[in-house]
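Chemist: There's a structure below that I have some questions on.
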Amino acid sequence: MTMRKAADFFTYPIRNPADDWGFELTTVGYYHAAPRSPYPPPGHPKTHTFEWRTGRQLAEYQIIYIPAGSGSLETRTQRSEVRAGDLILLHEGDWHRYRPDSRTGWETYWVGFKGPYIESYVRERLFTGRSSVSRTIGHREELISVFEQLIRLSKRDGALFERVSLGALLQVIAHASIAPATDTSARSPATPSEKAMAFLRENLFTDIDLQHLASSFGLSYSRFRSVFKDDTGVAPHQFLLNERLACARRLLEDPSVEIKTIGYKVGFHSPSYFSRLFRRKTGLTPSAARAARL
């Protein structure tokens, strides 16, 4: 599969017309926007880049997943808040713009696609109308894994990898097409532990005062810690560290991001502390982990 590559994890496959399955993968990518950083990032082709002032329209459909952070989506008819665990579903030809909250930043995976199969069998399962929408599906490690598989496949050439990529694309579409009313993972957080996890993921790259978070639920920190650990198996601080390290591992996939800045990007104040913690948790230094995965 021949590709055009932009910066970071942006890829734009060039379709082989002799291998037509009725739908095609047009783009796949990953981007981490730190708090207060410029957005959107440079490097996309003219068909996909946009400025906030003008927005854009695409000649394809896109699914964008936000594992961490928060932001907003605007169309001609509505403005939607977007939080960690949400999908943005972009309808072909619909004017839109989106961006992270400058206070929180965000982390995004995306995939673009089009074709007669999409029009005949997929579009009505994703959209109730012809507008772009946001949808809550919750935190899904398995969906992140599928996006990471798509990114790895996009770096390989050959018809086999192109066809396997289409299979992975269908998995992403399956996650996005489940109706929220029938998906228990998409319900709003109800317990203090669920609300705390949602808050920590939305604010993952910022300074978080766990004592203040506990008091927002009317609990002392010791009581909050006990309840959270009973519900999740880990203490709140450990959960926060684990989520930041998981994001750091994803950033290590991108060789254009300097290792010394990754700790800062995911919320650690000290690169040396980040490196020590990463090694203690994974058994590898960040540089060794990057070398093993590239």
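Chemist: Each label point is 7 Å from the Cα along the Cα-to-Cβ direction; what then is the distance between the points at GLU141 and ARG279, in nm?
Modeler: My value for the distance between the label points is 2.5 nm.
Chemist: Let me ask something else. Check the chain and count each lysine pair with an alpha-carbon distance under 20 angstrom, considering only pairs eight or more places apart or from different chains.
Modeler: On the way: LYS5/LYS46; LYS5/LYS114; LYS5/LYS155; LYS46/LYS114; LYS195/LYS229; LYS229/LYS281; LYS260/LYS281; LYS265/LYS281.
For the chain, qualifying lysine pairs total 8.
Chemist: I'd like the Karplus ³J(HN,Hα) series for the stretch 251-256: coefficients 6.51, -1.76, 1.60, θ = phi - 60°, whole numbers in Hz, and an x wherever there's a Gly or Pro.
Modeler: 5, 5, 5, 9, x, 7
Chemist: With +1 on each Lys and Arg Cβ and -1 on each Asp and Glu Cβ, and nothing else charged, work out how big the dipole of the chain is about its Cα centre, in Debye to the nearest 20. Working shown, then result.
Modeler: Working: 40 positive and 31 negative charges, 153 e Å.
Result for the chain is approximately 740 debye, rounded to the nearest 20.
Chemist: Give the residue list of GluC sites (Glu not before Pro) in the stretch 188-294 that are DSSP loop and have at most 14 other beta-carbon atoms within 10 angstrom. Walk me through the numbers on the way to the answer.
Modeler: Working: sites: GLU194, GLU202, GLU243, GLU253, GLU258; in loops: GLU253, GLU258.
Loop-located and lightly packed - GLU258.
Chemist: Here's something else I'd like to know. Quick one: order HIS32, HIS44 by neighbouring beta-carbon count within 10 Å, fewest to most.
Modeler: Values: HIS32 26, HIS44 18.
Ascending Cβ contact count within 10 Å gives the list HIS44, HIS32.
Chemist: Taking neighbour counts of Cβ atoms within 10 Å as a proxy for exposure, in what order, fewest first, do ILE262, ILE151 appear? Please list the in-between numbers first.
Modeler: On the way: ILE262 25, ILE151 22.
Ascending number of Cβ neighbours within 10 Å: ILE151, ILE262.
Chemist: How much length is gained if the chain between ARG130 and ARG36 is pulled fully straight, taking 0.36 nm per residue apart and subtracting their Cα-Cα distance, in nm to one decimal? Numbers along the way, then the final one.
Modeler: Details: separation 94, 0.36 × 94 = 33.84 nm, distance 3.23 nm.
Net length gain for the segment: 30.6 nm.
Chemist: Whats the longest run of the chain with zero chymotrypsin sites (Phe, Trp or Tyr not before Pro) that are DSSP loop and have at most 14 other Cβ atoms within 10 Å?
Modeler: Details: sites that count: TRP21, TRP52.
Answer - 53-294.
Chemist: Additional query: For Rg and Dmax of the Cα atoms in Å, the choices are (i) 17.0, 50; (ii) 18.3, 54; (iii) 19.5, 64; which was calculated from the structure?
Modeler: Structure-derived value, by its label: (iii).
Chemist: While we're looking at this one, here's another question. If you place +1 on the Cβ of every Lys and Arg and -1 on the Cβ of every Asp and Glu, how big does the dipole about the Cα centre of the stretch 193-294 come out, in debye to the nearest 20?
Modeler: 420
Chemist: Calculate, in nm to one decimal, what LYS46 and GLN211 gain on full extension: separation in residues at 0.36 nm each, minus their alpha carbon distance.
Modeler: Numbers: separation 165, 0.36 × 165 = 59.40 nm, distance 4.66 nm.
The span from LYS46 to GLN211 would gain 54.7 nm if fully extended.
Chemist: Roughly what angle does helix 221-232 make with the longest principal axis of the chain, taking Cα atoms, 0 to 90 degrees, to the nearest 10?
Modeler: Value to nearest ten degrees: 40.
Read-outs throughout are calculated quantities, based only on the coordinates presented, and are distinct from any laboratory measurement. It should be emphasised that the depicted structure is a prediction, and the values quoted were computed from it without experimental measurement. Reconstructed Cβ throughout: ideal geometry from the backbone, glycine too, with neighbour counts over all protein chains shown.
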